[in-house]
1. Pairs of Cα atoms under 8 Å, at least six residues apart: use those to get the relative contact order of chain B, whole percent.
2. If you count, for every residue in B:42-48, the Cβ atoms of partner chains within 10 Å of its Cβ, what is the mean?
3. So what does the Cα-only Debye profile of region A:362-513 read at q = 0.08, 0.09, 0.12, 0.16 Å⁻¹, as log10 I(q)/I(0), no solvent term?
4. Can you flag which of A:K338/B:K113; A:K60/A:K251; A:K101/A:K351; A:K200/B:K98 are past 28 Å Cα-Cα?
5. Please list, in order along region B:53-69, the HN-Hα scalar couplings obtained from phi with the Karplus expression 6.51 cos²θ - 1.76 cosθ + 1.60 (θ = phi - 60°), rounded to whole Hz, x for Gly and Pro.
6. Between A:R390 and A:R7, 0.36 nm times their residue separation minus their Cα-Cα distance comes to what?
7. How much accessible surface does B:S97 have with a 1.4 Å probe, in Å² rounded to 10?
8. Kindly write out, for region B:19-24 in residue order, the coupling ³J(HN,Hα) from the Karplus curve 6.51 cos²θ - 1.76 cosθ + 1.60 (θ = phi - 60°), rounded to whole Hz, with x marking Gly and Pro.
Amino acid sequence: MAETATREFLHNLHELPHTVKDACFRLGKAPESEREESQATFHNLFLHIHSVRVHVRTLKPTLTFGLGLMATASFVITIITGVLLMVYYKPSTDLAYQSIKDIHFTVSTGRFIRNIHRWSAQLMVLVVLLHMARVFFTASYKKPREFNWLVGLGLLVITLALSFTGYLLPWDQLAYWAITIGSNIANSPRELTDAIGITKFFDPGGFQKRLLLGANYVGQDALIRFYVLHVFVLPLALVTLLGVHFWRIRKDGGLARPEDPMGGIAEWGGERRPVFQPLATKTYGLMALVKGKRPPVNRGPENTVMSWPHLFWAELSVFMVTVAATLILSFYWDAPLKELANPAIPENPAKAPWYFLGIQELVSYSAFTGGLLIPVIVVVGLALIPFLDRRAEGEGIWFGTKSERPIFWQSFFFASAVTVGMLAFTVNYGWLRNWFPNIHQLWIIAINPGSLLVLIFAAWSLFVLKRKDSVRLAAVSLFTCFLVAFTILTYFATVHRGPNWHFYWWPSQWPLH
Amino acid sequence: MSRLDPPRINRRSFLSLASLGSFFAALGTAAAGMLRLPNPAVLPGPVRRFKLGSPEQFSPGSETAFAEQNLVLFRDDEGFYAISSTCTHLGCAVSRSKDGFACPCHGSRFDSKGSVIGGPAPRPLPWLEVSRAANGDLVVNADNEVPEGTRYRV
């Protein structure tokens, strides 16, 4: 008895590598049949959010350019590198700056890890914006995907909040003055309440500022709040919403695409399967059991391929491209670290990261209008799009509605001309305060280059609505206008704004001081 | 059955709904109460009353910038006055320019008395209360604004 137990034990010991492997990987080999391929997909926790089969249209790189996945990939990279940075970073006004310097100069691979964190964060902001533009211009927000558009909008806001809270943490000059400006933008409803004299009774601005700073000045309380937001609250919110976002993609039937036509021949996928009309005297149900040879009956060809391996190769390559891009950028360009925060003197000019420079330009007309009102209008406007444009048309096709492309180009040139004209006018002639120094602040809140741009774009969009008689085209014109204005304002503030926010043709013309 | 003519509900459903409703109302109130936590009850902050030295140090017609205190002290024939150098737009520190003060962040411009002459600033730079300490030093209280034109005579 004892002898057999010993033998069994030795046998099990000998088999250990195989049994452990079999327990971990149930299939134990690369899948060969479609049945095994589907099992490989839905028996794996990380793969089972995918459907087993995927439509060939959604695999075409030019439909999505992999932007959503690229955003996810860069988020994963920031999470991994962010946890590593947390090992050394100290969220204290006395130690934060030195700990970043330590990470940069002393910690093994610290500089590279910080560079990767910063570059993948920048990439994430860029790609999330492009992803939204892609979803808009392929009309992929329409029924039943309205809710997922809203979730995506939430993700955009959280992404921007993450990057904002992130660049405050080094406690350098950029960080200090960005917190100062950011918390004062939160405070800017006071501009309005002061102007109508009700701040004493109703002060939402002061409340928001206190909530952000935890004090009435920028210091340790503010830093720890932004730290908690950056490393816990916002990532958790983002991961949660991301789960909902992915889940809804599945539940809404995959990526938006036009209906497959009835009849005809599958357009791609290796196997061309003709459609035939069923004979009334025959039963075809059993034929569906035959491995991979299901004939389409009474409907169009499915045009789907197995997710394993087609979709997973595509996803893996997007992931690899993202990692490669981040690594290359991080290898050649260091993440900046300015001088230690100095509450006495801001940098001149004090510029935000590129994605906030458009807002900084607007804020330089009016803090309340540019910093709060217009961003809120934009977000609410974006949220309303799928509920105002409800006609099922052109889903999943770039500029899929009739005469959408001409409207896009018209809006593109219209918005470029208006934005450049507005900037040129403002730079040359100033604004209300320069002409009427004692003008009431309410006038400046209401009428400034930013609010005028919004009004002109809205008027243009209404004009398109009337002339073209299409809600989708009106939405396209408005979205294009805002996208163009955002890009031009960002470029303008990056290149043409110098010390004291004056206009210069090139940074090389900035005065020395 | 329409919205104007809803179906009658029985007593059990009514009581269930009422208890559910009161549960969630209580939960919501508790959650809203928890939001009071991040709103600071005490506002910690440095004392913003600055001793700037004895009045004799500042000759008539002089102006002295105190960068760390974010204010500029002036003395003219009528007396002393102090102007805050924190921009009323979004809180950057303004610096002296040819015609007054200029803000590096968003381009607000003020004249040498603090009035807005350009840019997005909604209010003039505040004038701060000047007084003297027991030992005769000038004291500026950066938390107390005084009307423009107020001078402190020594």
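The values are calculated or read from the model by the stated rules, or taken from the named source; none is laboratory data. This structure is a prediction, so every number in the text was calculated from the model and none was measured. With ideal geometry, Cβ positions are generated from the backbone for all residues, glycine too; neighbour counts draw on all protein chains shown. Accessible surface is based on the protein model in full, side chains and every heavy atom, while ligands, DNA and RNA are left aside. Shrake-Rupley method; radii C 1.70, N 1.55, O 1.52, S 1.80 Å.
1. The value is 19 percent.
2. Mean partner-chain Cβ count within 10 Å for B:42-48: 4.
3. -0.28, -0.35, -0.60, -0.94
4. Flagged as over cut-off: A:K338/B:K113; A:K200/B:K98.
5. The phi angles translate into x, 6, x, 5, 5, 10, 7, x, x, 8, 9, 10, 8, 10, 5, 5, 8 Hz.
6. Roughly 130.7 nm would be gained on extension.
7. 30
8. 5, 4, x, 5, 4, 5
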